[in-house]
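The values are calculated or read from the model by the stated rules, or taken from the named source; none is laboratory data. Just so you know, these numbers come straight off a predicted model, no measurement behind them. Positions of Cβ are backbone-derived with ideal geometry, glycine not excepted, and every protein chain shown enters the neighbour counts. Please note that ligands, DNA and RNA were not included when accessible areas were found on the heavy atoms of the full protein model with its side chains. Shrake-Rupley method; radii C 1.70, N 1.55, O 1.52, S 1.80 Å.
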Amino acid sequence: MSDELLLGIDIGTASSKAVLARPDGEVVARATRAHELSLPRPGWAEHDPEAVWWTDVCALCRELLAHPPGTVRSVGVSGIGPCVAPCDEHDRPLRPAILYGIDTRATAEIEELERHLGRDAILARCGSALSTQAGGPKLAWLARHEPDVQAAMARWHMASSFVVARLTGEWALDHHSASQCDPLYDLDACAWAEDWADAVAPGAPLPPLAWPGEVVGTVHAAGAAATGIPIGTPVVAGTVDAWAEAHSIGVSAPGDLMLMYGSTMFIVAVVLARRDDPAIWTTRGVVPGSLTRAAGMATSGSITSWVRELAGDVPYAQLSAEAERTPPGASGLLVLPYFAGERTPIADPHARGVVAGLTLRHGRGHLYRAVLEGVAFGVRHNLEALGDTARRVVAVGGGSAGGLWTQIVSDVCGIVQELPRETIGASYGDALLAGQGAGLVDPDTAWAKPAATIEPVGDRAVLYDESYALYRELYPATRPIAHALAARQEAEA
């Protein structure tokens, strides 16, 4: 048995995870560390890179490497993104990191950039319309609202690049993450759109670019002392968590699609060619030169947590059992899952959640099923926006383990979903990228193997088609009210 080990680390919204795997994909150890998401104001979502990202990495590495069953030969890191964590020349954070699309503070900057550069021009050059997901407006917000921080910024990081820098001293960002920094990245050229940089964030530096599996440095003495990773260990560039997870399950060929059931629902589809749509994100993929189309909901699993808290923290298994006893359609309940605004396909940070059809006869089982169905309708809406390109759908993430939710999504969307045997997450993909970058794993390898499939139950299609039609009507019908209430919420913050 090989004593070579590959270390994968992932920084998530609510927790960080790490895994040690052998080059054949065998997992020999894993660890998890929970952390808090800071929501200091409505529309803001932040992490402290020092107290959350780096502290988690050091703790996870010390746990896994106290008695390693071999030698770590390569390291891969992924994380939430796109984020903006401004740092000084020593990679010390100057403020908390501004997180991905759940942080909606930069709406004014989006509008100004669209007016200055042109909405159509941005879409044509970058492959995606500007939204709260994009990294560029976050840098523009920083330049406008915190000019002292921006002036002191020598580097800015996403979660993955911050950890890589702390381990190696090198500053690099992967092409996929960069392609989510609209309007700063030219999708066809695979390069920074440097002529637009001053329009976005004057004076902001742009990091060197690498592909996710490319080795960008080796662990230096300080990184080794903090983590226990041997000095000189290669470290690959890494990428955004969803793309690392997609890579681990072999979602890498055109026609492959991943549904990630997490705090937010995320969808990654590998495609042959660009088909730009302002409702969907077109980005570079993990494999050099590849293209992906992606969609992301602002909330999904986080709403199930909200219901659970309202219900007195009853176990999820009990809520699922009650929801399973509830008939499809939740006895006339319908939920818009826009509890934190919405990303794709409506791109409306001021959207709000709606529960329609409530009566005194409805209980928590009805509400829980209606939430699961509402998220499934959101998935269907996004799949329609992505286009009919998927020939293989793989479901991953914590929400895919319970059974009911994945069945509802298959029923609502009329799709077959594969469930892989290993559902470790992005850290598993990071370890795979680390092995491929170090030449220890073949470039075409996919570690995760399918364990089961979820097929739609045919007699539910008509009911769900009718409910989905109502779902599509509910948002435009309630949008003016939701926007007025959102404005009141922001004024009271």
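What's the number of the condition Ala317 fails, among (1) at pLDDT below 95; (2) under 23 Å from the mean Cα position of the chain (by Cα); (3) at negative phi?
It fails just one condition, (2).
Does Arg41 satisfy the condition of being over 21 Å from Pro230 (Cβ atoms) and either open to solvent by 30 Å² or more (accessible area, probe 1.4 Å) or part of a strand (DSSP E or B) (or both)? Before you say what the answer is, go through the steps one by one.
On the way: over 21 Å from Pro230 (Cβ atoms): yes; either open to solvent by 30 Å² or more (accessible area, probe 1.4 Å) or part of a strand (DSSP E or B) (or both): yes.
It is true that Arg41 is over 21 Å from Pro230 (Cβ atoms) and either open to solvent by 30 Å² or more (accessible area, probe 1.4 Å) or part of a strand (DSSP E or B) (or both).
Please report, ordered by residue number, the strands (runs of 3 or more DSSP E) entirely within the range 378-493 with at least 3 residues that are modelled with pLDDT of 90 or more and closer than 23 Å to Ser16 by Cα.
Correct list: 392-396.
Quick check: is even one residue across the range 66-87 surrounded by 18 or more Cβ atoms within 10 Å (Cβ to Cβ), more than 21 Å from the chain's Cα centre (by Cα) and of a type in the set (D, E, K, R)?
Checking the range 66-87: at least one residue is surrounded by 18 or more Cβ atoms within 10 Å (Cβ to Cβ), more than 21 Å from the chain's Cα centre (by Cα) and of a type in the set (D, E, K, R).
For Ala370, are the conditions met, namely being farther than 30 Å from Ala108 by Cβ, open to solvent by less than 10 Å² (accessible area, probe 1.4 Å) and in contact (Cβ under 8 Å) with a residue 12 or more places away in the chain?
Criteria met by Ala370.
With the condition kept exactly as written, say whether any residue in the range 187-196 is assigned to a helix (DSSP H, G or I), open to solvent by less than 20 Å² (accessible area, probe 1.4 Å) and among the aromatic types (Phe, Trp, Tyr).
For the range 187-196, residues assigned to a helix (DSSP H, G or I), open to solvent by less than 20 Å² (accessible area, probe 1.4 Å) and among the aromatic types (Phe, Trp, Tyr): absent.
When you look at Asp10, is it crowded, with 21+ Cβ neighbours inside 10 Å, of a type outside the set (Val, Ile, Thr), at pLDDT 95 or above and assigned to a strand (DSSP E or B), yes or no?
yes
With open to solvent by less than 40 Å² (accessible area, probe 1.4 Å), touching a helix residue (DSSP H, G or I) at 6+ places or on another chain (Cβ under 9 Å) and more than 30 Å from Pro230 (Cβ to Cβ) as the only criterion, which of Val200, Val163 stands out? Please lay out each step first, then the result.
Working: Val163 fails: more than 30 Å from Pro230 (Cβ to Cβ).
Going through Val200, Val163 in turn, just one is open to solvent by less than 40 Å² (accessible area, probe 1.4 Å), touching a helix residue (DSSP H, G or I) at 6+ places or on another chain (Cβ under 9 Å) and more than 30 Å from Pro230 (Cβ to Cβ): Val200.
What single numbered condition from (1) farther than 21 Å from Trp192 by Cα; (2) without any contact (Cβ under 8 Å) to a residue 60 or more places away in the chain; (3) surrounded by 19 or more Cβ atoms within 10 Å (Cβ to Cβ) fails to hold for Trp141?
In the conditions (1) farther than 21 Å from Trp192 by Cα; (2) without any contact (Cβ under 8 Å) to a residue 60 or more places away in the chain; (3) surrounded by 19 or more Cβ atoms within 10 Å (Cβ to Cβ), Trp141 misses (1) alone.
For Asp198, indicate whether it is under 24 Å from Asp148 (Cα atoms) and within 20 Å of the chain's Cα centre (by Cα).
Judged against the criteria, Asp198 is not a match.
Could you check how many residues of the range 428-440 are open to solvent by less than 10 Å² (accessible area, probe 1.4 Å) and within 14 Å of Val287 (Cβ to Cβ)?
3
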